[in-house]
1. List pairs: first in the stretch 9-27 and open to solvent by 90 Å² or more (accessible area, probe 1.4 Å), second part of a loop (DSSP other than H, G, I, E, B) and modelled with pLDDT of 95 or more, Cβ under 7 Å, 6+ apart or cross-chain?
2. Just for the stretch 97-122: of the residues that are open to solvent by 30 Å² or more (accessible area, probe 1.4 Å) and either part of a strand (DSSP E or B) or among the acidic types (Asp, Glu) (or both), which one is nearest to Val133 (Cα to Cα)?
3. If you scan the stretch 95-121, which residues turn out to be free of Cβ contacts under 8 Å to residues at least 12 places away in the same chain and aliphatic (A, V, I, L, M)?
4. What's the total number of residues in the stretch 28-45 that are free of Cβ contacts under 8 Å to residues at least 60 places away in the same chain and either part of a strand (DSSP E or B) or of a type in the set (Asp, Glu) (or both)?
Amino acid sequence: MEIERKYLVKNIPGNLKDFPCRSMEQGYLSTAPVIRIRKDQDCYELTYKSKGLMIREEYNLPLTADAYGHLLKKIDGRLIKKDRYMIPLKDGLTAELDIFKEELAPLVLAEVEFPDEESARAFTPPDWFGEDVTFSGKYHNSSLSQC
């Protein structure tokens with residue numbers, strides 16, 4: 001189960017170099033249902049996500065680099081490329097700050113995952129977060145992948 005809130009970012013923190021960063025790319029084999037492939041540094045995975053906005057079922061399966069390369073030729077839409085910064089927040093939470101590249105630049109989104117729905121609904125975002133787009137499917141990566 002994935003429980004997360006998503007925000008546009010109005011001010012990127014100035015000290016990004018102080019936080020871990022991973023380069024990622026992901027493509028979608030299907031957007032209904034959502035079936036995604038992702039390369040995260042040297043790790044590869046296939047993900048299924050159920051319908052939903054803040055709360056969704058999510059299943060991840062490991063892939064080999066060869067399997068990823070094979071499936072990459074079969075994606076629909078654009079390949080999403082982004083840098084993800086992991087920024088600690090209060091209460092043990094982490095903001096996943098995604099800075100999108102190429103066609104999706106200058107889009108910047110922050111996602112926060114929660115242990116339960118109650119904490120997700122009670123969350124107060126830091127000042128550098130912008131509009132809450134959790135309940136807009138427009139900012140799901142599967143939607144952003146569509147050209």
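1. What qualifies is Lys10/Trp128.
2. Residue satisfying both the conditions and the ranking: Glu113.
3. Matches in the stretch 95-121: Ala105 only.
4. Counting residues in the stretch 28-45 that are free of Cβ contacts under 8 Å to residues at least 60 places away in the same chain and either part of a strand (DSSP E or B) or of a type in the set (Asp, Glu) (or both) gives 11.
Every residue, every condition in (1) open to solvent by 40 Å² or more (accessible area, probe 1.4 Å); (2) of a type in the set (Asp, Glu); (3) in a loop (DSSP other than H, G, I, E, B), yes or no:
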| residue | (1), (2), (3) |
| --- | --- |
| Tyr48 | yes, no, no |
| His70 | yes, no, no |
| Pro125 | yes, no, yes |
| Thr134 | no, no, yes |
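The values are calculated or read from the model by the stated rules, or taken from the named source; none is laboratory data. Note that the coordinates shown come from a computational prediction; the quantities given were computed from them, not determined experimentally. Here the Cβ is made from the backbone with ideal geometry for all residues, glycine too, and neighbour counts use every protein chain on show. Surface areas here come from the heavy atoms of the whole protein model, side chains and all, with no ligands, DNA or RNA. Shrake-Rupley method; radii C 1.70, N 1.55, O 1.52, S 1.80 Å.
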